[in-house]
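The values are calculated or read from the model by the stated rules, or taken from the named source; none is laboratory data. Source: prediction; values computed, not measured. Backbone-built Cβ (ideal geometry, glycine too); neighbour counts: all protein chains shown. Side chains included, ligands, DNA and RNA excluded: accessible areas come from the protein's heavy atoms. Shrake-Rupley method; radii C 1.70, N 1.55, O 1.52, S 1.80 Å.
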Amino acid sequence: MNLDLHLRSLLRNPVGLGFAILSLALLGAFAQTGSEHKGSPAPWMNSRLSPDDRAALVVKEMTLDEKISLLHGTGMASLGPVSPLAVKSNGGAGYVVGIPRLGIPAIQMSDAAYGVRNSGENGRYSTALPDDLAGAASWDPDAAYEYGALIARELRAQGYNMSLGGGVNLTREPRNGRTFEYMGEDPVLAGKMVGQVMKGEQAQHVIGDIKHYALNDQESGRNAVNVNIDKRSMRESDLLAFEIGLRESNAAAVMCSYNRVNGDYGCENKYLLADVLKKDWNFKGFVVSDWQATHSAAKASAAGLDHEEPGEIFYGDTMKKAVESGKVPKAELDEHVHRILRSMFASGVIDDPPEKSVVDVEGGFEVAQKIAEQSIVLLRNEHSQLPLEASKIASIAVIGAHADVGMISGGGSAQVDPPGGNAIMPPGQGRTTWQAHIWFPTSPLKAIRAQAPHANVQYDPGTDPASAAALAKAADVAVVFAYQWESEGMDLDNLSLPDRQDDLIARVAAANPHTIVVLETGSPVTMPWADQVSGILEAWYAGSRGAEAVARVLFGEVNPSAKLPITFPKSEADLPHPILVKPPKASTTNGEPDAWKTIAKGLPPFQVTYDEGLKVGYKWYDAERKQALFPFGYGLSYTTYSYSDLKVTPGKSVHLSFKVTNTGNRAGAEIAEVYAALPESAGEPPKRLVGWSKVKLNGGESKEVKVELDALYLSIFNVEPDAWQLVPGEYTFLVGGSSQSLPLKEAVDLK
Ligand code: BGC
């Protein structure tokens with residue numbers, strides 16, 4: 001019976017209404033039976049049992065078809081066949097049918113990198129947080145937790161029980177179009193922060209997912225590229241970020257990546273999935289393929305892929321036949337199913353399923369603004385140009401980047417839909433299409449006017465540098481907004497600002513000595529004009545309340561405290577790979593309708609070799625003695641800090657204590673960074689981040705800061721015994737406010 005139709009016709013007939021209510025009651029009773037078992041509550045519904053025990057009880061009851069149904073999604077038109085069952089999807093990127101007879105709900109997955117995706121086309125609403133890289137710039141684990149919790153609340157309110165955020169690919173290639181979705185270049189910072197995001201999500205009873213495992217560090221040719229890298233380098237860098245993230249959060253899912261690593265695809269890579277993730281790290285959750293990153297049934301299954309998305313090219317009928325013929329052992333199938341069910345029990349989506357409700361819009365604004373305020377990095381402040389004093393300024397020129405209406409956001413599957421559509425489009429024309437530049441309706445011009453109500457604040461779009469310079473010349477202060485858009489599915493050609501914005505900034509700076517640049521970028525950018533302007537703020541993709549946050553920083557209501565989670569090089573020539581390797585034509589598809597078939601079979605590989613090895617990000621600049629434009633860990637404040645009294649106490653774990661003093665008179669928060677130089681014999685780059693603490697200090701106040709170092713962060717990965725090892729010898733600990741400004745230093749011997 002089509003229950004929907006049946007109820008609709010009854011509801012149209014008032015006489016039938018009483019009957020309809022009875023029908024609903026019966027329907028409710030029917031739904032209940034899903035959690036019943038031979039007349040009594042199903043034993044796996046006993047929440048006192050462990051998730052493993054509960055999963056094992058369910059697996060025993062399942063038919064082969066039910067097991068197979070859990071191993072794949074229901075399809076996506078552009079990526080292969082779509083099952084009729086997909087109509088029950090909540091409108092997210094993935095939908096896995098449940099098993100109502102056993103009380104197992106469907107898995108409704110949504111992308112959720114900096115907010116819940118696709119809300120616009122589903123007639124819903126989501127908050128856009130500052131992008132993930134911005135989140136990392138806060139270096140604030142509590143903010144990261146809040147970031148995850150907000151996303152998960154909005155996922156649940158929209159009917160989802162699984163998130164597809166959690167991007168933590170280390171930045172080896174800053175031109176990667178997804179740099180904004182990741183957490184920068186350091187495995188400890190990125191791992192800790194993504195771990196907190198996941199923890200915040202899972203605490204709301206949503207399945208968390210960390211991605212893209214591993215080394216999907218460029219978008220160009222991502223379905224074909226073979227990444228060559230040595231084991232030690234990947235374990236100590238790229239994989240370490242995942243290891244820490246998982247250890248911190250027990251995230252229930254890991255998404256394997258499109259690319260190949262040392263010959264095998266991420267989703268059929270035995271080393272990555274079986275040996276490292278599942279064995280070494282003891283990961284208990286399930287591995288979900290990136291959307292069409294599955295290339296086989298038996299090989300992928302043996303390597304450790306548990307679930308195929310978005311459809312069932314390999315993990316549907318093909319898998320069923322492989323199980324029936326013994327190519328995939330039954331125990332292996334059961335393990336995949338067990339892992340998925342276990343994750344559902346462990347994350348609480350079975351005991352506490354989401355109920356749709358209205359998203360808390362104002363609550364979202366509050367969190368988005370607070371995190372933006374903690375993530376905006378002050379890069380330059382000559383002659384204490386900032387903060388601006390509204391009472392002393394008669395006129396302000398606001399220039400560029402559509403600052404009259406909005407701020408740019410990151411694209412691709414991370415894209416969050418702005419309410420009302422793209423802010424720069426006429427109403428009704430702003431639908432968020434794939435790879436369109438989407439501007440959020442958070443207007444810096446309005447926010448600046450609100451901060452300086454008595455000043456004459458004028459806007460120039462910046463499209464004609466001469467007109468912008470003329471406006472700037474006539475104003476007391478010029479604030480130029482500059483953007484660099486990026487997205488999944490593309491890489492940046494270079495790190496320059498697009499659309500001749502460098503020229504615009506230089507012209508404005510020449511016209512007004514009080515020029516401040518506000519950057520809205522997802523990656524580092526080069527700044528040929530850096531010495532000519534008096535202030536630079538990096539606002540990243542600042543989210544739903546970016547403009548308010550920027551204005552509060554500009555006018556000193558917020559004292560900036562963020563630090564760069566990524567190096568800003570002087571030029572691409574300083575990168576480990578000055579040129580990004582593009583795929584040959586044979587390794588690409590042109591979006592033809594059946595491209596999915598070619599991709600599934602496997603495109604011919606092309607090679608990218610990360611021969612910089614351990615030297616990722618600042619480790620490269622340190623080792624190669626290259627000066628960055630703005631180094632990792634760098635960020636100014638409206639006050640100043642000093643460091644003293646370092647004590648290092650070796651023991652089971654190493655303890656550090658030191659004093660940080662706010663030497664100015666404005667309250668602020670200093671991110672005190674701790675680096676270690678390992679013994680010579682370890683063969684490591686000059687130093688690595690091993691800890692930090694964000695310290696709030698009033699003007700003139702001092703605090704003793706204690707940091708306990710995790711032994712893992714001091715270790716190296718030795719490929720011979722295939723294990724982490726602490727190399728005995730002299731360790732030098734360096735403490736300060738940036739990777740290039742470390743006034744405290746103490747060496748100790750560790751055995
Ligand atoms: C992306 C994933 C995303 C998935 C679902 C893929 O193209 O790489 O990050 O979760 O699509 O939208």
Once both labels are modelled 7 Å past Cα along the beta-carbon direction, what's the Thr649-Ser384 spacing in nm?
3.9
Using the Cα centre of region 251-315 as origin and beta-carbon charges of +1 (Lys, Arg) and -1 (Asp, Glu), tell me which of Ala298, Gly311, Val276 is placed farthest towards the positive end of the dipole.
Val276
Residues with amide H under 5 Å from that of Met490, placed H, sequence gap 5 or more:
Gly177
P(r) for region 95-207, please, calculated from all Cα pair distances in 10 Å bins and given in %.
15, 43, 29, 10, 2
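Divide the volume of the convex hull of the Cα atoms of the chain by its number of residues and quote the answer in cubic angstrom per residue. Numbers along the way, then the final one.
Working: hull volume 129.6 nm³, N = 751.
About 173 Å³ per residue, rounded to a whole number.
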Taking all protein chains as present, what is the carbon and sulfur share of the accessible area of region 583-737, in % to the nearest whole number, probe 1.4 Å?
49
Packing-based order for 446-455, 418-427, using average beta carbon neighbours within 10 Å, highest first
446-455, 418-427
How large is ³J(HN,Hα) for each residue in region 327-332, as worked out from phi by the Karplus curve 6.51 cos²θ - 1.76 cosθ + 1.60 (θ = phi - 60°), to whole Hz, x for Gly and Pro?
5, 10, x, 4, 5, 5
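Can you give the extra length, in nm with one decimal, that the chain gains between Glu121 and Glu701 once fully stretched, where that is 0.36 nm per residue apart less the Cα-Cα distance? Don't skip to the answer; put the middle values down first.
On the way: separation 580, 0.36 × 580 = 208.80 nm, distance 5.08 nm.
Taking 0.36 nm per residue and subtracting the Cα distance, the gain is 203.7 nm.
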Among the listed pairs Lys270/Lys327; Lys192/Lys626; Lys60/Lys211; Lys231/Lys619; Lys694/Lys745; Lys88/Lys321, give every one whose C-alpha distance is greater than 21 Å.
Lys192/Lys626; Lys60/Lys211; Lys88/Lys321
Please give the charge dipole size of region 601-751, origin at the Cα centre, charges +1 on K and R Cβ atoms and -1 on D and E Cβ atoms. Round to the nearest 20 debye.
500
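Assign one of three labels to region 417-523, namely rounded, prolate or oblate, based on the Cα gyration tensor with a ≥ b ≥ c the square roots of its eigenvalues; rounded applies when a/c is under 1.5, prolate when it is not and a/b is larger than b/c, and oblate otherwise. Before the final figure, lay out each step's value.
Values: a/c = 2.35, a/b = 1.36, b/c = 1.72.
Oblate, since a/c reaches 1.5 and b/c is not below a/b.
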Taking only protein heavy atoms into account and a 1.4 Å probe, give the accessible area per residue of the chain in Å².
38
Long-range amide H partners of Val518, meaning residues 5 or more apart or on another chain whose placed amide H is closer than 5 Å, are Val480, Phe481, Ala482, Leu537
Obtain the nm distance between the two label points defined at Ala573 and Asp275 by a simple spin-label model: each point lies 7 Å from its Cα along the Cα-to-C-beta direction.
4.0
Sort 59-72, 215-228, 262-275 by packing, meaning the average of other beta carbons within 10 Å per residue, with the highest value first.
215-228, 262-275, 59-72
Residues whose built amide H sits under 5 Å from the amide H of Gly167, excluding neighbours closer than 5 in sequence, are Lys211
Quick one: helix 51-61 against the long Cα principal axis of the chain, what's the angle to the nearest 10°, folded into 0 to 90?
30
By average Cβ neighbour count within 10 Å, what is the ranking of 115-121, 641-647, 458-464 from highest down?
115-121, 458-464, 641-647
On a 0 to 90° scale, report how tilted helix 3-12 is relative to the longest principal axis of the chain, with both axes built from alpha carbons and the result rounded to the nearest 10.
90
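Before anything else, pin down the relative contact order of region 627-690: Cα pairs under 8 Å, at least 6 apart, normalised by residue count, whole percent. Intermediate values should be presented prior to the final figure.
On the way: 66 pairs, mean separation 16.4, N = 64.
Worked out over region 627-690, it gives 26 percent.
Excluding Gln196 itself, calculate the net charge of residues whose Cβ lies under 11 Å from the Cβ of Gln196, where each Lys or Arg counts +1 and each Asp or Glu counts -1.
On the way: positive: Lys192, Lys199; negative: Asp140, Asp142, Glu146, Glu201, Glu248.
That works out to -3.
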In whole Hz, the Karplus estimates of ³J(HN,Hα) for region 123-131 (6.51, -1.76, 1.60; θ = phi - 60°; x where Gly or Pro) are x, 10, 9, 9, 7, 9, 7, x, 5
Partner lysines whose C-alpha sits under 22 Å from that of Lys585, ignoring same-chain residues fewer than 8 away, are Lys597, Lys601
For a bin width of 10 Å, list the pair-distance distribution of region 558-655 built from all Cα-Cα distances, rounded to whole %.
12, 23, 24, 22, 12, 8, 1
Sulfur and carbon atoms: percent of accessible area, region 330-453 [1.4 Å]
51
Quick check on region 54-111: take the gyration tensor over C-alpha atoms, sort the square-rooted eigenvalues as a ≥ b ≥ c, and tell me if it's rounded (a/c under 1.5), prolate or oblate.
prolate
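For a test of the definition: using alpha carbon positions, the gyration tensor, and the 1.5 limit on a/c, classify region 496-561 as rounded, prolate or oblate.
Values: a/c = 2.21, a/b = 1.36, b/c = 1.62.
Since a/c reaches 1.5 but b/c is at least a/b, the shape of region 496-561 is classed as oblate.
Roughly speaking, what % of Cα-Cα pairs in region 175-274 are separated by over 20 Å, rounded to a whole number?
Roughly 36 percent, once rounded to a whole number.
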Quick check: pseudo-label points 7 Å beyond the Cα along Cα→Cβ at Leu64 and Ala510, how many nm apart are they?
7.6
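Go ahead and run the numbers for FRET between Lys38 and Asp351, Cβ-Cβ distance against an R0 of 25 Å, rounding to 0.05.
Working: r = 21 Å, r/R0 = 0.83.
Taking R0 as 25 Å, the efficiency between Lys38 and Asp351 is 0.75.
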Cα point-scatterer Debye curve for region 638-751, base-10 log of I(q)/I(0) at q = 0.11, 0.22 Å⁻¹:
-0.38, -1.15
Selection from Met527, Leu564, Gly613 lying farthest towards where the dipole of region 504-622 points positive, charges on Cβ:
Gly613
Where does the charge balance sit around Ile151 when Lys and Arg score +1, Asp and Glu -1, over other residues with C-beta under 11 Å from its C-beta?
-2
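If I take every Cα pair under 8 Å that is 6 or more residues apart in the chain, average their sequence separation and divide by the length, what percent do I get for the relative contact order? Don't skip to the answer; put the middle values down first.
Working: 1855 pairs, mean separation 102.0, N = 751.
14 percent.
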Karplus couplings for region 462-472 from phi (6.51 cos²θ - 1.76 cosθ + 1.60, θ = phi - 60°), rounded to Hz, Gly and Pro as x?
x, 6, 10, x, 5, 5, 5, 5, 5, 5, 4
